[in-house]
Each structure stands twice: as C-alpha cells, then as structure tokens.
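Enquirer: Structure incoming, see below.
Taken together, the values in this text are just the output of simple stated rules run on the coordinates, not laboratory data. The structure displayed is predicted, hence computed values, not measured ones. Here the Cβ is made from the backbone with ideal geometry for all residues, glycine too, and neighbour counts use every protein chain on show.
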Amino acid sequence: MKRVSKQRQSGEARKMQLMVATLNSISKHGYLNSTINTISAESGLSRGLISHYFENKDDLLTYAHKYYLQNIDDFHRHVIVSIKTGHFTKLFYSACVPFLRDMGYQRIVIHYMSAAWIMPDVLKMHRDLWQRYRANVERRVASIARDRQMEIDVKMTATTLIQLVDGLWLGLTMEEVYTREDCCKIIRKWMCDQFGENPDDYPLVPTFDIENFETSAPLPPSG
C-alpha cells in the first residue's frame with residue numbers, strides 16, 4: 001500500500017511538473033508552436049513519459065489550461081475568504097484579483113482564448129469560469145445595493161464592472177501602457193463613484209498575505 005501511495009504521489013508530481021512546463025512552453029513558443037518536444041525539453045521529462053500521462057498534445061494543453069485556471073480560482077477564493085469587512089470590500093478586491101499579483105503567465109490566456117473556438121473543452125472551461133464569476137459579482141452588487149438601500153440595475157452594474165476589469169486586463173496584457181496599480185485605481189474610483197464610497201478607505205493592496213494561499217495547482221513565483 002505504501003509503495004502504491006508513493007507511486008501515485010510521484011505520478012501526481014510529474015503531472016504537475018508537466019502542467020507548469022506546458023505553460024512555460026506556451027509562454028516562450030506560443031500555443032501553436034508548443035509541441036511534445038518543446039514541453040519535454042521544458043520539463044526535463046521524456047516524450048514517452050509524457051505519452052504515459054496524456055493521450056496527445058491537445059490533451060496536455062487542455063489539462064494545462066485547466067491547471068492554470070484552477071490556480072486563479074483558488075486565489076480568488078483566498079481573497080474572498082480573507083476579507084472580513086463587508087460586501088463592498090469583497091467586491092473591490094475580487095475585481096482586482098487579476099492585478100494583485102504577477103505570475104508571469106497572463107499572455108497564455110490570450111493564446112487559449114484564440115484556441116477555444118477550435119477546442120470545445122477549452123471553450124467550456126472559459127464559459128463555466130466566467131459564468132461563476134458573473135454570478136458572484138451580481139450577488140455582491142445586489143448585496144451592496146441592499147445594504148445601502150439603493151435602487152440600481154444589478155445586472156447592468158455587474159456587467160459594466162466585469163467589462164471594465166476585462167478591458168483593463170486585456171490592455172495591460174497586450175499593450176503594457178499602464179500598471180497593475182493603475183488598474184486597481186481605476187476600478188476603485190469607478191466603484192466608489194457608483195456606491196458613494198471614499199477611495200482613501202480602500203488600500204490598493206489588501207493587508208492579508210496574497211503570495212501564499214492553499215491551492216491544488218501551485219505555480220512557481222514569477223521570475
């Protein structure tokens with residue numbers, strides 16, 4: 001039993017190693033130019049071992065994306081759980097999640113967004129994740145409005161915030177003309193204008209630890 005357990009742990013460790021290697025390969029070579037050979041070189045593992053765990057390149061690329069999205073989801077959950085001061089603060093830092101840390105893999109999402117239209121599993125991952133995120137934002141907006149006895153269009157407000165965050169993320173990733181801090185400032189100002197809050201009451205970086213959090217999909221530090 002102990003030998004089986006050790007083998008299983010070793011297998012899981014190798015799969016995680018391959019997930020990170022795949023993300024690194026996409027970062028260096030792009031989605032289309034990443035191959036079993038580039039991933040093998042990045043991981044230090046043989047082609048035969050990769051084939052033992054994954055059916056083909058597309059299978060590996062799909063699992064690697066799922067791994068990355070799990071890390072993002074776990075970090076988002078960590079942020080929400082760590083905040084104890086109300087719906088507005090939770091929504092603000094939740095909206096800032098894409099800008100609170102730099103893991104060095106942002107651009108690979110662009111590759112996967114493009115590939116999603118020819119890979120149904122990847123498209124479904126994106127749609128499922130964004131559907132959960134939209135629902136979470138709508139619930140927070142509704143709670144803030146209820147607390148303040150405000151009459152607002154919850155769906156439109158939530159959609160506007162989400163599109164603001166997505167647009168800032170895309171501009172930051174593709175153009176690099178502003179900083180992650182700039183993005184948080186813009187989100188904070190918009191939210192405070194909407195709900196009558198003072199921006200000075202909400203630091204751009206939360207006081208709790210954002211570098212260390214529980215995740216089933218760990219990634220190496222940027223750089």
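Enquirer: Cut-off 10 angstrom, C-alpha nodes, Gaussian network model of the chain. Which of Thr160, Thr173, Thr22 fluctuates the most?
Expert: Residue with maximal mean-square fluctuation among Thr160, Thr173, Thr22: Thr160.
Enquirer: For Lys66, project a label point 7 Å along Cα to C-beta. Then give me every residue of the stretch 30-59 with its amide nitrogen under 15 Å of that point.
Expert: 53-59
Enquirer: Another question about this same structure. Which length gain, in nm to one decimal place, applies between Ile152 and Asp121 when the Cα-Cα distance is subtracted from 0.36 nm times their residue separation?
Expert: Details: separation 31, 0.36 × 31 = 11.16 nm, distance 3.61 nm.
The Ile152-Asp121 span can extend by a further 7.6 nm.
Enquirer: Determine the gain in length on full extension of the stretch His52-Gln163; use 0.36 nm per residue of separation and subtract their C-alpha separation, reporting nm with one decimal.
Expert: On the way: separation 111, 0.36 × 111 = 39.96 nm, distance 4.11 nm.
Contour length minus the Cα-Cα distance gives 35.9 nm.
Enquirer: Listing Ser94, Ser143, Ser46 from the residue with the fewest other Cβ atoms within 10 Å to the one with the most, what is the order?
Expert: Numbers: Ser94 20, Ser143 16, Ser46 11.
The most exposed by this proxy come first: Ser46, Ser143, Ser94.
Enquirer: Report the label-to-label distance for Gln17 and Ala41 in nanometres (one decimal), using points 7 Å from each Cα along the Cα→Cβ vector.
Expert: Spacing of the two 7 Å Cα→Cβ label points: 1.9 nm.
Enquirer: Between the stretch 11-59 and the stretch 82-130, how far is it from one alpha carbon centroid to the other, in angstrom?
Expert: About 23 Å separates the Cα centre of the stretch 11-59 from the one of the stretch 82-130.
Enquirer: At 27 Å minimum axial length over the Cα atoms and a Kyte-Doolittle cut of 0.0, report the qualifying DSSP H helices in the chain, or say none.
Expert: In the chain, the long hydrophobic H runs are 154-174.
Enquirer: Just the number: Rg to Rh for the chain, Cα atoms, Kirkwood Rh, two decimals.
Expert: Here Rg/Rh amounts to 1.02.
Enquirer: Take the residue pairs Lys57/Lys124; Lys84/Lys124; Lys90/Lys155; Lys15/Lys57 and return only those whose Cα atoms are more than 23 Å apart.
Expert: In this structure, Lys84/Lys124 exceed 23 Å between Cα atoms.
Enquirer: Rounded to the nearest 20 debye, what is the charge dipole size of the stretch 49-148 about its Cα centre when +1 sits on each Lys and Arg Cβ and -1 on each Asp and Glu Cβ? Intermediate results must be reported in sequence, preceding the final value.
Expert: Working: 15 positive and 10 negative charges, 126 e Å.
Computed charge dipole of the stretch 49-148: roughly 600 debye.
Enquirer: Mind checking Rg over Rh on the stretch 44-90, alpha carbons, Kirkwood formula for Rh? Walk me through the numbers on the way to the answer.
Expert: Numbers: Rg = 17.4 Å, Rh = 13.2 Å.
That ratio equals 1.32.
Enquirer: Taking the Kirkwood radius as the inverse of the mean 1/r across Cα pairs, report the Rg/Rh of the stretch 1-98.
Expert: 1.13
Enquirer: Counting other beta carbons within 10 Å of each residue's own, what order do Met174, Met103, Met191 fall into, fewest first?
Expert: Result, fewest neighbours first: Met174, Met103, Met191.
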